[in-house]
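Presented below is the structure to which this report refers.
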Amino acid sequence: MNSTNREAIVWTASEDGKGRVVSSSTIQLDDHSTTVLDTGGSGLPMVLLHGVGFDCWMWKPVLPYLPADQRIVTYDLRGHGTARNAGGSLTYEQLATDLNILLDQLGIAQAEVIGLSFGGEVAQAFALEYLDRLAALSLICTRSSPFPSFVTLASKARQEGIAAVVDVCLARWFDNATLAANEPTIHYARTQTANANPEVWAKAMELIAGFDVMERLSSITVPTRVIAAELDTVGTVEHMQAIARQIRGSVFNIVTGGHHLLCFQYPKILAHLLALEA
């Protein structure tokens, strides 16, 4: 494993004060390097994939609530965070290949892959291409069929700059009360989006807009959990139910009152669902 800048971080859950030590390192993935956060542990590794414009720190609120013996890994996807200037093309195939290389670098034969939003689409692409590396799958507030309205957002970001889409995104991700409270998670979401690589962000939105694998999901045979947020307007309850119907034996959950970014709104509930066997 090619890694540098290894350091220990302690993430603490705000509700009960639990802490968890996380190792941060820089790992080379083919044509670029990226930051990887890894808890170690002997349990089946869980690999967490973040959304568009975010980075591996998106999972910070959730991690302290996951099982203490579970190995948790999360990293910056190509074009995001410390990998924002990665070369190559931003495609689901490339993102799936990056994850396959990461597992090799970390010495992980199989993992449970968990993706939220764009990360859920990357998880599906990985499952369809590298099913033998997959022990289980969790899909959260994501898409498996086209969402054309995101083409408009991509065009707006290209023509007017990323700042023009920040408030539109926040309004889709959070309820009005949460936005008005302007808690640290809102600051993080606003800052991450405002500082995103504009071309990568627009390209990712176009990828989501055209993502169409619903009819292929029946080939996924590993234990799968599908989690919907009641008030999500992207990965709607109806859409997530359709995904669950396509994957035989999958478990479907709805988080009542939830919006798109459950990792911020209900981290403890989300962690509890992820810890259950599918």
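The values are calculated or read from the model by the stated rules, or taken from the named source; none is laboratory data. Model, not experiment: these values are computed from the prediction. Methodologically, a virtual Cβ is constructed for each residue, glycine included, from the backbone with ideal geometry; neighbour enumeration extends over all protein chains shown.
Just name the residue that is nearest to residue 175 (Cα to Cα) out of those in segment 259-277 that are out of contact with any Cys (no Cβ under 7 Å at 6 or more places or on another chain), touching a residue at least 40 places away in the same chain (Cβ under 8 Å) and buried (at least 19 other Cβ atoms within 10 Å of the Cβ).
My answer is 259.
Under 8 Å by Cβ, and 6 or more places apart or on different chains, what pairs join a residue from segment 143-165 that is touching a residue at least 60 places away in the same chain (Cβ under 8 Å) with one that is aromatic (Phe, Trp, Tyr)?
Hits for this filter: 143/211; 144/211; 145/211; 146/211; 147/211.
Within segment 196-235, count every residue that is surrounded by 17 or more Cβ atoms within 10 Å (Cβ to Cβ), more than 23 Å from residue 46 (Cα to Cα) and of a type in the set (S, T, N, Q).
Looking only at that region, the number is 1.
Would segment 23-36 turn up any residue that is in contact (Cβ under 8 Å) with a residue 12 or more places away in the chain, touching a His at 6+ places or on another chain (Cβ under 6 Å) and not in a helix (DSSP H, G or I)?
Going through segment 23-36, the residues in contact (Cβ under 8 Å) with a residue 12 or more places away in the chain turn out to be 23-36.
Going one step further and asking which of them are touching a His at 6+ places or on another chain (Cβ under 6 Å), we end up with none.
Checking segment 23-36: not a single residue is in contact (Cβ under 8 Å) with a residue 12 or more places away in the chain, touching a His at 6+ places or on another chain (Cβ under 6 Å) and not in a helix (DSSP H, G or I).
Pick from segment 199-224 the residues that are part of a helix (DSSP H, G or I) and in contact with a Gly (Cβ under 8 Å, 6 or more places away or on another chain): which of them is modelled with the lowest pLDDT?
First, pick out the residues of segment 199-224 that are part of a helix (DSSP H, G or I): 199-210, 214-219.
Now drop any that are not in contact with a Gly (Cβ under 8 Å, 6 or more places away or on another chain), which leaves 200-201, 203-204.
Details: 200: 91, 201: 94, 203: 95, 204: 96.
That would be 200.
Going by the conditions given, is residue 196 outside any helix (DSSP H, G or I) and more than 29 Å from residue 134 (Cα to Cα)?
On the way: outside any helix (DSSP H, G or I): yes; more than 29 Å from residue 134 (Cα to Cα): yes.
So residue 196 fits the description; yes.
Could you say whether any residue in segment 50-61 is modelled with pLDDT of 90 or more, in a strand (DSSP E or B) and crowded, with 23+ Cβ neighbours inside 10 Å? Lay out the reasoning, then the answer.
We begin by selecting, within segment 50-61, every residue modelled with pLDDT of 90 or more; these are 50-61.
Then drop every residue that is not in a strand (DSSP E or B), which leaves none.
Scanning segment 50-61, I find no residue that is modelled with pLDDT of 90 or more, in a strand (DSSP E or B) and crowded, with 23+ Cβ neighbours inside 10 Å, so the answer is no.
What number goes with the only condition from (1) modelled with pLDDT under 95; (2) under 28 Å from residue 272 (Cβ atoms) that residue 73 does not pass?
For residue 73, the exception is condition (1).
Looking at segment 223-237 only, could you name the residues that are in contact (Cβ under 8 Å) with a residue 60 or more places away in the chain and aliphatic (A, V, I, L, M)?
Pass one, segment 223-237, residues in contact (Cβ under 8 Å) with a residue 60 or more places away in the chain: 223-229, 232-235.
Scanning segment 223-237 gives 226, 227, 228, 229, 234.
For segment 72-83, how many residues meet the condition of being basic (Lys, Arg) and part of a helix (DSSP H, G or I)? Lay out the reasoning, then the answer.
At the first step, the residues of segment 72-83 found to be basic (Lys, Arg) are 78.
Keeping just the survivors that are part of a helix (DSSP H, G or I) gives none.
Residues flagged as basic (Lys, Arg) and part of a helix (DSSP H, G or I) within segment 72-83 amount to 0.
Just wondering, is there one or more residues in segment 109-120 that are in a helix (DSSP H, G or I) and of a type in the set (D, E, K, R)? First the steps, then the outcome.
Start the filter on segment 109-120 by keeping residues that are in a helix (DSSP H, G or I), which leaves 118-120.
Still in the list and also of a type in the set (D, E, K, R): none.
The answer is no; no qualifying residue exists.
Within segment 170-225, which residues are among the aromatic types (Phe, Trp, Tyr) and within 26 Å of residue 248 (Cβ to Cβ)? Steps first, please.
First, the residues of segment 170-225 that are among the aromatic types (Phe, Trp, Tyr): 173-174, 188, 201, 211.
Matches in segment 170-225: 211 only.
Restricting attention to segment 161-185, which residues are closer than 23 Å to residue 202 by Cβ, assigned to a helix (DSSP H, G or I) and in contact with a Phe, Trp or Tyr (Cβ under 9 Å, 6 or more places away or on another chain)?
Quick first cut of segment 161-185, residues closer than 23 Å to residue 202 by Cβ only: 161-174.
Filter once more, keeping what is assigned to a helix (DSSP H, G or I): 162-173.
162, 165, 173, listed by residue number.
In the list 125, 154, 96, 86, which residue meets the criterion of being in contact with a Lys or Arg (Cβ under 8 Å, 6 or more places away or on another chain), assigned to a helix (DSSP H, G or I) and either at pLDDT 95 or above or buried (at least 19 other Cβ atoms within 10 Å of the Cβ) (or both)?
Details: 125 fails: in contact with a Lys or Arg (Cβ under 8 Å, 6 or more places away or on another chain); 96 fails: in contact with a Lys or Arg (Cβ under 8 Å, 6 or more places away or on another chain); 86 fails: assigned to a helix (DSSP H, G or I).
Exactly one residue qualifies, and that residue is 154.
Considering segment 120-152 alone, what residues qualify as being farther than 19 Å from residue 215 by Cα, in contact with a Leu (Cβ under 8 Å, 6 or more places away or on another chain) and small (Gly, Ala, Ser)?
Filtering segment 120-152 down to residues farther than 19 Å from residue 215 by Cα leaves 132-136, 149-152.
Next, only the ones that are in contact with a Leu (Cβ under 8 Å, 6 or more places away or on another chain) stay: 133, 135-136.
135, 136 - these are the residues of segment 120-152 that are farther than 19 Å from residue 215 by Cα, in contact with a Leu (Cβ under 8 Å, 6 or more places away or on another chain) and small (Gly, Ala, Ser).
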